[in-house]
Amino acid sequence: MIQFDFNVPGAGEFTSLRRHVGWHDLPLARAEEVIAHSDFFVCARIAGVLIGTARVVSDKRLFFYIQDVVVHKDLRRKGIGRGLVERALRRIAQQACPGAFVGLFSIPEVTGFYTRLGFEIYEGPNTPMHLLTLSVHSEEAP
């Protein structure tokens, strides 16, 4: 039976699930930092074993980003991803102020999954952008 919770996953189980689905390797120390600086997680487990996550980072009022929505390869298309995202959205709704923004990045293969959950492809006046590598020297940083 699948159980959902808002408990923070351990770094080992988080990185193991990421590796299982083919995402880039995340060293344990870095995973611990990522986990510690996240707003909250929604986890899916079977018999205590982590089989899915959705991670949220935010300012807890106006801007929320859903990250790392991942489900074990053998358990996809069983409603687990939907359960993770819906629970994340309910928790966000408890924190968000009127007019809040909830965003995520989707690979093309799963865009339909997110549009079925109410997300829209952004076609506003702004262009979504990202920085692939951050090159800041510590002596230059304020």
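The values are calculated or read from the model by the stated rules, or taken from the named source; none is laboratory data. These numbers were taken from a predicted model, which means no experiment stands behind them. Neighbour counts are summed over all protein chains in view; Cβ atoms, including those assigned to glycine, are modelled from backbone coordinates with ideal geometry.
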Out of the range 1-15, which residues are surrounded by fewer than 17 Cβ atoms within 10 Å (Cβ to Cβ), touching a helix residue (DSSP H, G or I) at 6+ places or on another chain (Cβ under 8 Å), not in a loop (DSSP other than H, G, I, E, B) and not aromatic (Phe, Trp, Tyr)? Ile2, Gly12
Looking at (1) modelled with pLDDT under 95; (2) farther than 28 Å from Pro98 by Cα; (3) surrounded by 13 or more Cβ atoms within 10 Å (Cβ to Cβ), which one does Arg19 not meet, given that it meets all the others? (3)
Confirm whether Arg18 is basic (Lys, Arg), in a helix (DSSP H, G or I), in contact (Cβ under 8 Å) with a residue 24 or more places away in the chain and under 22 Å from Glu86 (Cα atoms). yes
Verdict on Gly83 being touching a Gly at 6+ places or on another chain (Cβ under 9 Å), outside any strand (DSSP E or B) and either closer than 17 Å to Tyr114 by Cβ or small (Gly, Ala, Ser) (or both): yes
Tell me, yes or no, whether the range 7-15 has at least one residue that is over 30 Å from Glu123 (Cα atoms) and of a type in the set (A, V, I, L, M). yes
So which of Ile92, Ile80, Ile66 is in contact (Cβ under 8 Å) with a residue 60 or more places away in the chain and either β-branched (Val, Ile, Thr) or buried (at least 21 other Cβ atoms within 10 Å of the Cβ) (or both)? Ile80
In the range 95-109, what residues are within 17 Å of Val21 (Cβ to Cβ) and either surrounded by 12 or more Cβ atoms within 10 Å (Cβ to Cβ) or at pLDDT 95 or above (or both)? Leu104, Ser106
Which residue out of Gly79, Gly83, Gly52 is small (Gly, Ala, Ser) and in contact with a helix residue (DSSP H, G or I) (Cβ under 7 Å, 6 or more places away or on another chain)? Gly52
Picking from Arg30, Arg45, which residue would you name as being surrounded by 12 or more Cβ atoms within 10 Å (Cβ to Cβ), more than 23 Å from Arg116 (Cβ to Cβ) and out of contact with any helix residue (DSSP H, G or I) (no Cβ under 9 Å at 6 or more places or on another chain)? Arg45
